[in-house]
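Undergrad: This is the structure I want to talk about, given as structure tokens.
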Amino acid sequence: IGATQSPGFAEALRRGLPAKPFVQIDPLSGLHILPAGQVGSAERGADLMGGDGLRAALEAARASYDVVILDGPPLLPFADGCYLLDQADLALLV
């Protein structure tokens, strides 16, 4: 699709900013994409997602879009996915 990785969701959560300005739009499909962003070497993704920022960002996304799809990391080695599962309406584990 050609989206850049950063800035993205991690930067929005870290700075307490709305995620909307970091959304990229694919010119061919019109798909709106919020890239993961860069997690700093001294922090973990779970640390960013454990606060109220994740809930607020997902509420804002649900208000702006008909469907919100979250793509997360593997569940066993990373805790990030558990935070996403807690906020999701439906989960597909592959």
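Undergrad: Take the residues in region 48-69 that are in a loop (DSSP other than H, G, I, E, B) and more than 15 Å from VAL23 (Cα to Cα), then tell me which one is most open to solvent (accessible area, probe 1.4 Å).
TA: The selected residue is ASP66.
Undergrad: Could you tell me how many of the residues in region 1-13 are in contact with a Gly (Cβ under 9 Å, 6 or more places away or on another chain) and either of a type in the set (Ser, Thr, Tyr) or open to solvent by 100 Å² or more (accessible area, probe 1.4 Å) (or both)?
TA: 2
Undergrad: Hey, VAL23 hits all of (1) surrounded by 17 or more Cβ atoms within 10 Å (Cβ to Cβ); (2) on the phi > 0 side of the Ramachandran plot; (3) modelled with pLDDT of 90 or more but one; which does it fall short on?
TA: Checking VAL23 against (1) surrounded by 17 or more Cβ atoms within 10 Å (Cβ to Cβ); (2) on the phi > 0 side of the Ramachandran plot; (3) modelled with pLDDT of 90 or more, the one that fails is (2).
Undergrad: Taking the options GLY16, GLY45, name whichever one is open to solvent by less than 40 Å² (accessible area, probe 1.4 Å) and either free of Cβ contacts under 8 Å to residues at least 40 places away in the same chain or under 24 Å from LEU92 (Cα atoms) (or both).
TA: Working: GLY16 fails: open to solvent by less than 40 Å² (accessible area, probe 1.4 Å).
Result of the check over GLY16, GLY45: GLY45.
Undergrad: Further question on the same structure: For GLY72, are the conditions met, namely being part of a loop (DSSP other than H, G, I, E, B), open to solvent by less than 90 Å² (accessible area, probe 1.4 Å) and on the phi > 0 side of the Ramachandran plot?
TA: no
Undergrad: Considering region 66-94 alone, what residues qualify as being closer than 16 Å to PHE9 by Cα and modelled with pLDDT of 90 or more?
TA: Matches in region 66-94: VAL68, ILE69.
Undergrad: Can you find a residue in region 79-87 that is of a type in the set (Asp, Glu) and touching a helix residue (DSSP H, G or I) at 6+ places or on another chain (Cβ under 8 Å)?
TA: yes
The values are calculated or read from the model by the stated rules, or taken from the named source; none is laboratory data. Just so it is clear, the model here is predicted, and its values are computed rather than measured. Here Cβ is always computed from backbone atoms with ideal geometry, including for glycine, and neighbour counts include all displayed protein chains. Quick note on the areas: whole protein, heavy atoms, side chains included, nothing else; ligands and nucleic acids left out. Shrake-Rupley method; radii C 1.70, N 1.55, O 1.52, S 1.80 Å.
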